[in-house]
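Down below is the structure, laid out as structure tokens.
The values are calculated or read from the model by the stated rules, or taken from the named source; none is laboratory data. Every value quoted in this text rests on a predicted model; they were computed, and no experiment measured them. As a convention, Cβ positions derive from the backbone with ideal geometry for all residues, glycine included, and neighbour counts pool all protein chains shown.
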Amino acid sequence: MSRTFLPLLLLPFTVSAQSLQPELVCQLAPALAEVSAMIMVDDAMWVLMDSGNPNQLYKVDRQSGEILRTLTIANATNTDWEAMATDDAFVYIGDIGNNAGHRTDLHFLRFPLEVLEDDDLTEVDAEILPFAYVDQTDLTPTWGASDWDCEAFVVMQDTAYLFTKSWLEGVSHLYAVPLEPGFQWAVRRATLQSQGLVTGASLHADGSSICLIGHTYGGQPLIWTLSHYPAHELFNGHSQRAVLEMPLAQTESIAWMADDSVYFAHEASNGLPPQLWKVRLDPDVGMAPVQEAPVVRPWPNPCTDRLYVDGPAHLTWVRLVQADGREVLRTRYVAGDALDVAHLAAGRYVLEMGSAGRVSRGQVVVVH
């Protein structure tokens, strides 16, 4: 969907770009199999990994993909590190991963930027900046159905701007949280029709534009560029979405490398090792129609023993996932057939339906 764009008035403008062809730079070291965030500092690339991995940052050689230096955050645990950002003074780490939407310990870690410039340092203590979403009142864990899961943020003028991934709606909500000592509230500012899951963000050095990385439900990598936004109204300018012509992969990290290019990386997934890529972001690429995710309608909802689903005929499978992420039902989708849910415990479930490369999601409540 596009709207009339008048640059002088800075009205919202959204397009879907033609596919972009990225260049494979190198394979990353095997130890970086779950690379989740990336920053560039003085032409040096730093990455980190997400939940279950060490509380460390890694300086990476951009030609070989090998680790050049390891920095440990001595006073922190990697609960679910998902993003990094910098400003003129600090490096920020976002312990913000929240797949089930139930965390009460979300926070940023920050330490002086100059630490990355001292090759003799092997560890540092970080300041902890806790926060919570002011509009989240229900902390019941529901895997893959939360509006408060986040893997991407940028820092502008002592404020972190978070780009959430709304699992059910396929949109990204923009939240702002002050980066000040003590507990802070994150406040929702706007919503982007991202038509995919946003998993990383990077602010251009001059502050004029933001690139976002992510993927469709089916795993196809995507890039969004945001520009011409007034002040901090990041979704109120020119936004452009591009599909990356590359294998399906879990892309979660991105960083500007030049005025018109970015590096990005993906985790080891779908039989691929972790890899580093780069792509030129051309502001003049042509437009292409947006391919909307197919709509599915489960009924009755809530249900007791049988569940029916209305959806396009090309969808070929259906599954239900419970709050902890465990799959409890998977079957072929045949239009008009009922799903037997009588054996399931009462509660909320995520419904997924799809075919090759296309997935739609919804939420189902089972009652007895």
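Listed here are the residues, each with its yes/no results for (1) farther than 22 Å from Ile39 by Cα; (2) of a type in the set (A, V, I, L, M).
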site	(1), (2)
Leu109	no, yes
Val115	no, yes
Val124	no, yes
Asp135	yes, no
Cys150	no, no
Tyr161	no, no
Lys165	no, no
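Is there any pair linking a residue in the stretch 250-268 that is free of Cβ contacts under 8 Å to residues at least 24 places away in the same chain and assigned by TED's automatic domain parsing to the domain that holds Leu222 to one that is assigned to a strand (DSSP E or B) and surrounded by fewer than 20 Cβ atoms within 10 Å (Cβ to Cβ), with Cβ under 9 Å and at least six apart or on different chains, and which? Listed pairs, sorted by first residue: Ala258/Arg280; Asp260/Arg280; Ser261/Lys278; Ser261/Arg280.
Let's see how each residue does on (1) small (Gly, Ala, Ser); (2) not in a strand (DSSP E or B):
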residue: Glu114; (1), (2): no, yes
residue: Ile128; (1), (2): no, no
residue: Phe131; (1), (2): no, no
residue: Gln136; (1), (2): no, yes
residue: Thr140; (1), (2): no, yes
residue: Gly144; (1), (2): yes, yes
residue: Val154; (1), (2): no, no
residue: Ala160; (1), (2): yes, no
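When residues in the stretch 74-110 are screened for being surrounded by fewer than 22 Cβ atoms within 10 Å (Cβ to Cβ) and in a strand (DSSP E or B), 4 of them pass. Can you find, within the stretch 177-209, the residue that is surrounded by the most Cβ atoms within 10 Å (Cβ to Cβ) among those that are aliphatic (A, V, I, L, M) and over 22 Å from Trp167 (Cα atoms)? Ranking the candidates gives Leu203 first.
Here Leu168 meets each of (1) in a loop (DSSP other than H, G, I, E, B); (2) within 22 Å of Asp88 (Cβ to Cβ); (3) among the hydrophobic types (A, V, I, L, M, F, W, C) with one exception, condition (2).
Of the strands (runs of 3 or more DSSP E) entirely within the stretch 249-368, those holding at least 3 residues that are at pLDDT 80 or above and under 28 Å from Ala85 (Cβ atoms) occupy 251-258, 261-266, 275-280.
Total residues in the stretch 33-64 satisfying the condition of being in contact with a helix residue (DSSP H, G or I) (Cβ under 8 Å, 6 or more places away or on another chain) and outside any strand (DSSP E or B): the figure is 1. If you check Asp61, Asp105, Asp42, which single one turns out to be over 22 Å from Met246 (Cα atoms) and modelled with pLDDT under 95? The match here is Asp42.
When the stretch 210-248 is filtered for residues that are buried (at least 19 other Cβ atoms within 10 Å of the Cβ), at pLDDT below 90 and small (Gly, Ala, Ser), the ones remaining, listed by number, are Gly237, Ser239.
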